[in-house]
Amino acid sequence: MTPPKPASSQTSLFQVYLRLRPPITKEEAANAQRCERYLNVEPVDTQDESQSHSDHPTHITLQPPNDSRKRAVEKFAFTRVFEEDSRQLELFESTGMASLIDGVLNEGRDGLVATLGVTGSGKSHTILGSKNQRGITQMSLDVLFRSLSGTIQSADSFEDPSLLPSLSASDSSEAQIFSARNFIHSIYGDPSERSRASRAQTPMSRSQTPMTESFPTPVIPRRHLNQRLAALPVTPDVSHLSTKVDSSEHVVVVSMYEVYNDRIFDLLSPSLVPGPGGTMSRQGANNQRERRRPLLFKSTEGSPDRKIVAGLRKVVCSTYEEAMMVLETGLNERRIAGTGSNNASSRSHGFFCLEVKKKVRGRRYGEVAWAGNTLTVVDLAGSERARNAKTAGATLAEAGKINESLMYLGQCLQMQSAFQEGNKTVVPYRQCKLTELLFSNSFPSSHTASHNRHPQKAIMIVTADPLGDFNATSQILRYSALAREVTVPRIPSVTSTILSGSSVSSQSRPQTATGRTTPYSASTEDLEEAAREIVRITDDCEVLILKLAEEEIARQEAEFKLKATEEKCLSIEQEVREECWAEMDERMQEERKRWQTAWDQQTGRNEEHLDKKLELASRSIEIYEDPEPTRDERVDELERENDYLYSKIAALERQLNAQSPTHKPKAAPAIRESNGDFSLLSNESSDLENILQKASTFKLAEEYQSTPKAKTATTAASAKKPRRVTARKKDLGPEDDL
Ligand SMILES: Nc1ncnc2c1ncn2[C@@H]1O[C@H](COP(=O)(O)OP(=O)(O)OP(=O)(O)O)[C@@H](O)[C@H]1O
């Protein structure tokens with residue numbers, strides 16, 4: 001069998017490495033001794049051109065287990081295969097991580113490293129390490145910060161308060177940029193709390209920068225983080241891998257996000273909300289994610305030539321430890337979000353981005369700008385769970401999305417071999433968010449604004465457990481390998497054995513002394529003819545078996561795609577339902593607003609109408625006023641009244657005298673008019689006195705009303721027709737009483 005040729009390292013969009021996981025437990029180790037391996041590493045074939053450049057294995061064969069119906073053996077090619085005994089440092093060095101980092105620091109080229117594999121195959125171990133060993137992320141951070149040690153700037157430094165504003169101004173992704181200290185304070189609280197909680201000396205305790213921004217209440221106890229950080233491994237040592245950079249000022253900006261259900265969520269924006277009694281609510285994954293706002297992957301004003309994740313929180317880190325704190329925060333957020341669905345982190349694809357920015361001169365004189373490249377580390381979701389997911393509700397959507405995104409990723413990876421051969425193949429990376437994020441930087445841009453941008457360098461590390469699930473592993477290997485070949489092993493058949501045996505025997509069979517052959521010679525010819533026929537039929541059978549195996553694989557792939565498509569249909573239906581509901585809700589709100597506005601307008605119009613009517617009615621009512629009497633007229637009138645009263649008094653007196661002949665009538669008292677007052681007419685007659693007082697009061701009132709001052713103060717009531725003052729009979733009391 002001619003081994004499949006892997007894509008050359010210069011032209012592949014991704015260098016694809018395979019790492020095999022060793023048995024972890026004693027049980028697994030014992031099992032490995034007992035069981036037959038289905039995955040075997042091919043020894044290096046120095047005769048083969050495609051392998052001659054390497055001292056390391058690049059091919060594996062996948063032998064289906066005995067109980068499998070499939071007999072075809074598949075052979076896969078990778079850039080390099082790392083066997084079970086490979087160490088973290090070996091992997092870091094041999095996958096070219098140092099050159100990837102150098103590309104970011106010195107070549108103006110983005111770098112991307114991702115791990116892909118079945119759950120439990122060692123993705124997290126490779127990318128994030130374990131208790132004793134650092135992973136690719138930590139080693140990359142270490143190399144990066146060591147390389148920048150002489151030129152890196154801190155946003156917490158007093159020396160340059162303009163650093164954060166200038167970084168924000170240069171950022172094209174509409175991000176919120178924080179200094180490490182402020183960000184960590186926002187999540188874990190005041191450093192003074194930390195010193196009470198933990199005595200471990202961390203780099204953060206050395207930082208003395210004052211807080212300049214206000215943040216919500218701290219949500220996670222800092223001591224937990226410090227304990228975790230203190231326990232983090234420091235090996236393997238990568239100090240020998242640091243690279244030289246130019247003397248410009250540099251900053252490192254860290255951001256983290258995840259792709260969940262084909263939507264992007266920021267992992268540095270805390271989704272926890274304070275609950276009753278100061279507790280923090282940590283509800284289900286979906287609730288958490290729903291609470292977080294999905295971000296857009298789009299072209300922005302500052303980045304017209306390529307899409308970027310817009311609106312992330314970004315943290316300026318000046319030390320390895322600060323970056324590790326931010327990493328732990330993001331991983332914690334991802335873990336919390338994952339617990340709600342009773343699944344670990346691999347329900348989403350995690351992205352950890354390190355932007356290295358260099359101070360450059362802006363277009364305008366004196367303007368400070370920052371430009372640079374990004375190293376992205378990606379932890380992809382495990383595929384097995386997606387395949388085995390029990391489909392219901394949100395889990396169905398999750399599984400469907402993971403399946404679907406991994407299927408699209410597989411298609412893109414398969415296409416890259418055709419792409420590198422110079423065919424006009426289009427890598428279908430725009431089909432989902434994951435492939436867009438992984439591939440959109442892989443191609444040279446035709447946009448004028450990006451003539452200096454190089455395509456990214458990318459590494460895919462596929463992890464596999466040679467003793468794990470055969471179907472899941474073969475699925476991953478099939479779509480991630482750089483090349484694949486299927487063969488059916490030729491089992492020596494009975495007939496060919498007979499044939500070879502007969503041909504040998506016919507050649508070496510001893511002849512008898514008489515020169516006659518054995519008595520079987522005639523039947524041997526027949527047998528040979530029959531054997532040849534059998535061999536021909538066997539060959540045909542083998543070809544058919546090969547074709548069948550190919551068909552079997554194609555069927556499996558079709559089934560996988562069908563399942564993914566069905567799940568996609570369901571999730572699209574769910575999305576459409578949600579969209580319809582949201583749209584209906586929005587329309588209802590709009591209608592409500594419209595009706596409210598119409599109602600308010602109508603009410604306003606009615607009130608206006610009523611006001612106008614009232615105004616018209618008030619205009620049509622005229623109040624008649626008697627003409628104001630002149631002073632003389634009033635005096636005349638009062639005099640007439642006086643005269644009348646005098647005559648009345650006189651009549652009364654006469655009447656009185658006439659009724660009591662025994663009494664002498666009293667002389668009428670003189671009536672003084674000098675000051676206008678009336679004196680009493682008689683001591684016995686208090687009624688008369690009253691009458692005279694009333695008359696006096698009337699006169700005074702009349703005089704007062706006639707003054708100009710009183711006129712101006714006259715109200716509507718006084719505008720009424722003045723009462724004609726006339727002495728009525730009842731004012732004087734009943735005549736009988738008198
Ligand atoms: N190369 C290795 N050497 C030693 N231990 C390993 C190696 N690879 C994986 N392991 C161990 O195997 C276990 C499972 O690995 P790991 O958690 O990395 O799998 P995973 O693919 O990330 O799974 P998941 O998708 O569930 O996150 C861990 O205990 C890890 O330490």
- Query: Which whole-percent values make up P(r) of the range 613-662 when all C-alpha to C-alpha distances are grouped in 5 Å steps starting at zero?
  - Reply: 5, 15, 10, 10, 9, 9, 8, 8, 8, 6, 4, 3, 3, 2, 1, 0
- Mind sorting Thr235, Thr137 by how few other Cβ atoms lie within 10 Å of their own Cβ, fewest first? Thr235, Thr137
- Task: List the residues whose amide H sits under 5 Å from the amide H of Leu116, counting only those 5 or more places along or on another chain, with H placed 1.01 Å from N in the peptide plane.
- Result: Ile461, Val462, Thr463
- Taking a ≥ b ≥ c as the square roots of the Cα gyration tensor eigenvalues, with a/c under 1.5 meaning rounded and otherwise prolate when a/b beats b/c or oblate if not, the range 115-157 comes out prolate
- Query: Between Lys314 and residues 5 or more places away or on another chain, which pairs have amide H atoms under 5 Å apart, with H built 1.01 Å from N, and which residues are they?
  - Reply: Gln176, Ile177, Phe178
- Hey, fewest Cβ within 10 Å first, where do Asp469, Asp540 land in order? Asp540, Asp469
- Query: Under a plain spin-label model, where a point goes 7 Å from the Cα along Cα-to-Cβ, how far apart in nm are Glu591 and Val543?
  - Reply: 6.9 nm
- Message: Whole-Hz ³J(HN,Hα) for each residue in the range 626-632, computed from phi via Karplus 6.51 cos²θ - 1.76 cosθ + 1.60 with θ = phi - 60°, x for glycine and proline: what do you get?
- Response: 5, x, 5, x, 6, 5, 5
- Going fewest to most other Cβ atoms within 10 Å around each Cβ, Thr243, Thr463 line up as Thr243, Thr463
- Note on the structure: Between His454 and Asp626, the two model label points (7 Å from Cα along the beta-carbon direction) sit apart by a distance in nm of 11.3 nm
- Just list whichever of Lys123/Lys298; Lys75/Lys561; Lys75/Lys307; Lys244/Lys298 have alpha carbons separated by over 27 Å in the model shown. Lys123/Lys298; Lys75/Lys307; Lys244/Lys298
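Any read-out appearing in this document is the output of simple, stated calculations on the displayed coordinates, not a laboratory observation. The model shown is predicted, which means the values in this text are computed figures rather than measured ones. All Cβ positions, glycine included, derive from the backbone under ideal geometry; neighbour counts span all protein chains shown.
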